[in-house]
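Derivation of every value follows stated rules applied to the coordinates shown; laboratory data play no part. Keep in mind that what you see is a predicted model, and the values were worked out from it rather than measured. Cβ: placed from backbone, ideal geometry, glycine included. Neighbour counts: every protein chain shown.
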Amino acid sequence: MSIAIISSLYRVEDHLPQFTASVKAFAEQVYQAGIQVHYLPIVNDATPAERQAIDELTHHINTAGHGHMSPQYVGRETLYASWNRGVSLSNTPYFTFWNADDIRDVSAFVEGYQALQDGATLVDFVFNVMKVTKRFGLFPTEQHEVSRMLFHTAPFRRKNGVGPFFMASRDLYHQVGEFDENFRVVGDMEWAQRTLPVVNFYPAKQAGGSFYIHGGNLSNTGNDREEIELNIVFLRLQAWYYLLPVDPTRMREAWETWGNRDNITLPDEVADFLWGDKAERRWHTYQREKNQPEWLHQIRRRLASRGLIYSAEWEVFQRNKAKHTV
């Protein structure tokens, strides 16, 4: 096999009809392109329906000879534990991932595979973002847009990382180490920043596929766990100016129990910002402000810049602006 496609699956019954149909069509086309794929579904705490669907898909792929599929049924574990498991169980020179609620583009996959063969160690893609909203709160409407490319070799920022269809070499994985299994949401971003000193990056020309935002995604939900994990990434980098107000109790617990792997001593000002006496108020104010309409943001920024009101959003802006003087 030439490349492993790893899928971490947990409670995906609603997505399985589309996922299994997509995998069958994809496998046939990729096989015809001459690429031998090892498909590795890592099914967490499988329901009977999930096990049946994956077993039927496995039988189809293996009987048709369109690559090889070897599902693994495990207890519930973090996404990145499943990713590490998949990489360790495969012996291909390259790997990538496929979420059950996404659709991969075959031609983009072929482009990425060829780039890896030509010496790239990481390939990333722009991708189509599909989001279903209710117009006037009643009528479902599908919105389409094309994302920017998330991976970038410039200085690391909050919006960097890798897209859902990125592809990488096993050599790069061995160089920078496993995905940190303590993360639940942004472990791919944390891993991506570790690759920067050694990566040979290829920005693909084609969109990698379609990423669906449906409310059950791990990322892009605005939940506090994601913001806490992002803070941990930047605390490890000692990039204090990228920190955001979050739940101070949960932030401190995460940092002290698993986040601070390098025994970093935080400056007093940073610790005070995250979980000091005013942190609770700052967090609640920031939560309220960030969800307000743009016209209110503009008014508040003008008043806060003149010292007429307190704004957590303005405080974060000033901290972020300070990075240019560091």
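What length, rounded to one decimal in nm, is gained on full extension from Glu280 through to Arg11, with 0.36 nm per residue of separation minus their alpha-carbon distance?
93.4 nm
What ranking do 79-87, 142-150 get when scored by the average of other Cβ atoms within 10 Å per residue, highest first?
Descending packing order for the listed peptides: 79-87, 142-150.
Calculate the spin-label point distance for Leu89 paired with Arg306, positioning each point 7 Å from the Cα along the beta-carbon direction, and give it in nanometres.
The modelled label-to-label distance comes out at 6.3 nm.
How large is ³J(HN,Hα), in whole Hz, for each residue of region 95-100 in order, when computed from phi with the Karplus curve 6.51 cos²θ - 1.76 cosθ + 1.60 and θ = phi - 60°, using x for Gly and Pro?
Once θ is set to phi - 60°, the couplings for region 95-100 become 8, 7, 10, 9, 7, 5 Hz.
How much length, in nm to one decimal, is gained on full extension between Leu266 and Gln72, taken as 0.36 nm per residue of separation minus their Cα-Cα distance?
Extending this stretch completely gives an extra 65.7 nm.
Under the definition of Cα pairs under 8 Å and six or more residues apart, what whole-number percent is the relative contact order of region 222-326?
Once normalised by length, the contact order is 27 percent.
Taking the chain, how many lysine pairs are there with alpha carbons less than 22 Å apart, if each pair must be eight or more places apart or span two chains?
Pairs that pass both the separation and distance tests number 11.
Report the gain in length on full extension from Gln175 to Glu294: 0.36 nm times residue separation, minus Cα-Cα distance, nm rounded to one decimal.
38.4 nm
Return the percentage of antiparallel bridges among DSSP beta bridges fully within the chain, rounded to the nearest 5 %.
40 percent
Cα convex hull of the chain: how many Å³ per residue?
Enclosed volume per residue, from the Cα hull, is 155 Å³.
Mind running the shape call on region 1-50? Use the C-alpha gyration tensor, a ≥ b ≥ c as the square roots of the eigenvalues: rounded below 1.5 for a/c, prolate if a/b tops b/c, oblate otherwise.
Since a/c reaches 1.5 but b/c is at least a/b, the shape of region 1-50 is classed as oblate.
In whole Hz and in residue order, list the ³J(HN,Hα) couplings for region 192-205 that follow from phi through the Karplus curve 6.51 cos²θ - 1.76 cosθ + 1.60, θ = phi - 60°; x for Gly and Pro.
4, 5, 6, 7, 4, x, 10, 6, 10, 8, 10, x, 5, 7
With everything on Cα atoms, drop me the angle between helix 106-117 and the longest principal axis of the chain, reported from 0 to 90° to the nearest 10.
Orientation of helix 106-117: about 90 degrees from the principal axis.
Using helices alone, I'd like the mean residue ellipticity at 222 nm for the chain: each DSSP H run of four-plus residues gives -39500 (n - 2.57), total over residue count, nearest 500.
-12500 deg cm²/dmol
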